[in-house]
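Taking it in order: structure first as structure tokens, then the write-up.
The values are calculated or read from the model by the stated rules, or taken from the named source; none is laboratory data. Since the model is a prediction, treat every value here as computed from it, not as a measurement. Note that we place each Cβ from the backbone using ideal geometry, even for glycine, and neighbour counts take in every protein chain shown. Accessible surface areas use protein heavy atoms only, side chains included; no ligands, DNA or RNA. Shrake-Rupley method; radii C 1.70, N 1.55, O 1.52, S 1.80 Å.
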Amino acid sequence: MSMIDKYNARAEAVNSLLCVGLDSSLERLPEQFLADEHPQFAFNKWIIEQTHEFVAAYKPNIAFYEAQGAQGLIDLQMTMDYLCVEHPDIFTICDAKRADIGSTNEAYVTGIFDAMGFDAITLHPYLGRDALSPFLQRSDKGCIVLCRTSNSGARELQDLQIEGKYLWEVVATQVSQEWNSNDNCMLVVGATYPNEMRVIREIIGDMTLLVPGIGVQGGNVEQTVTAGLNSHNKGLIINSSRGIIFSENPRRSAQELRDGINLHR
């Protein structure tokens, strides 16, 4: 089973395209977790217990764990170990946005895929296919390449034109037609840009999109689903982080977003 097949199987099993971002900033954790020897893991475990029945994927952003040094990385590894044992069918994404020369990427591959056990990773395309080949060659793992990001400053570079096409169009074309020989590529496309998402869907066919920007960043669920679904009524990994994990009731928030997504499928 490929990693994309794993995601699709989980999405079908729980009727969900929802991804919960485990952006567990220590400064925002509820007080009852701070006394734990492993506060970020304790919080993540609780969030997973509250939300897993509605979730197709979890996406820790590695920055919130690196910020705590070795202790944070231990908590992240404990989170991954817990997921691998208790919920092995749930898709896991390391939001690390890696990009470097090939030899350095080989070390990233070993660390994130093999040591930590993630199913997929987010990647920068700027260094090109050759530099990312250690990731792309891993047909057993997912490579999620930044294309049209959700932040307000994305236009500064991503809207630059190359031979009449926006840079994000060029990235979508390159990844879908040239880099995806192992059928393990996906793209990051923000919910805050539904018109661009619609164009990207036309370029890439049924390829899966990781979609940040729902919730705090203001992305619209209906517009995202309408623009982004593929011909199999899937093709989207719709992420919400702070809007779920720091809500008053994470379980209810996850269920409501899952159901809201499905309402428009």
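Of all residues in the range 85-106, those satisfying the criterion of being assigned to a helix (DSSP H, G or I) and open to solvent by 70 Å² or more (accessible area, probe 1.4 Å) are V85, E86, S103, E106. On inspection, G228 passes the criterion of being in contact with a strand residue (DSSP E or B) (Cβ under 9 Å, 6 or more places away or on another chain) and free of Cβ contacts under 8 Å to residues at least 40 places away in the same chain. As a summary of the residue check, T224 satisfies the conditions (1) under 17 Å from the mean Cα position of the chain (by Cα); (2) among the hydroxyl-bearing types (S, T, Y); (3) closer than 27 Å to D130 by Cβ except for the one numbered (3). When the range 152-172 is limited to residues that are among the aliphatic types (A, V, I, L, M) and over 14 Å from V199 (Cβ atoms), the one that is least open to solvent (accessible area, probe 1.4 Å) turns out to be A154.
Looking across the range 21-76, the residues that are of a type in the set (D, E) and not in a helix (DSSP H, G or I) come down to D23, D36, E37. Going by the structure shown, is T149 open to solvent by 60 Å² or more (accessible area, probe 1.4 Å) and of a type in the set (V, I, T)? So T149 fails the test.
Pairs are defined by a Cβ separation below 6 Å, a sequence spacing of at least 6 or placement on different chains, a first member in the range 1-17 that is in contact (Cβ under 8 Å) with a residue 40 or more places away in the chain and over 14 Å from A120 (Cβ atoms), and a second member that is open to solvent by less than 30 Å² (accessible area, probe 1.4 Å) and assigned to a helix (DSSP H, G or I); the pairs so defined are S16/F54; L17/A11; L17/I261.
A quick yes/no check of all residues on (1) without any contact (Cβ under 8 Å) to a residue 12 or more places away in the chain; (2) part of a loop (DSSP other than H, G, I, E, B); (3) not polar (S, T, N, Q):
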{"position": "D114", "(1), (2), (3)": "yes, no, yes"}
{"position": "P125", "(1), (2), (3)": "no, yes, yes"}
{"position": "D130", "(1), (2), (3)": "no, no, yes"}
{"position": "P134", "(1), (2), (3)": "no, no, yes"}
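Pairs please, first residue from the range 80-103 and under 17 Å from R10 (Cα atoms) and of a type outside the set (S, T, N, Q), second anywhere and open to solvent by 70 Å² or more (accessible area, probe 1.4 Å) and not in a loop (DSSP other than H, G, I, E, B), Cβ atoms under 8 Å, 6+ apart in sequence or on different chains. Close Cβ pairs satisfying both conditions: D89/A13. Quickly run through the range 174-232 and pick out the residues that are open to solvent by 30 Å² or more (accessible area, probe 1.4 Å) and of a type in the set (K, R). Scanning the range 174-232 gives a single hit, R198. For S253, are the conditions met, namely being modelled with pLDDT of 95 or more, of a type in the set (G, A, S), on the phi < 0 side of the Ramachandran plot and more than 19 Å from the chain's Cα centre (by Cα)? Taking the combined requirement at face value, the residue does not satisfy it. Of a type in the set (A, V, I, L, M, F, W, C), open to solvent by less than 20 Å² (accessible area, probe 1.4 Å), under 17 Å from the mean Cα position of the chain (by Cα) and closer than 15 Å to C143 by Cα: is that true of F118 in this structure? In short, yes.
R258 meets the conditions (1) open to solvent by less than 60 Å² (accessible area, probe 1.4 Å); (2) under 30 Å from E31 (Cβ atoms); (3) basic (K, R); (4) free of Cβ contacts under 8 Å to residues at least 60 places away in the same chain in every case but one. The failed one is (4).
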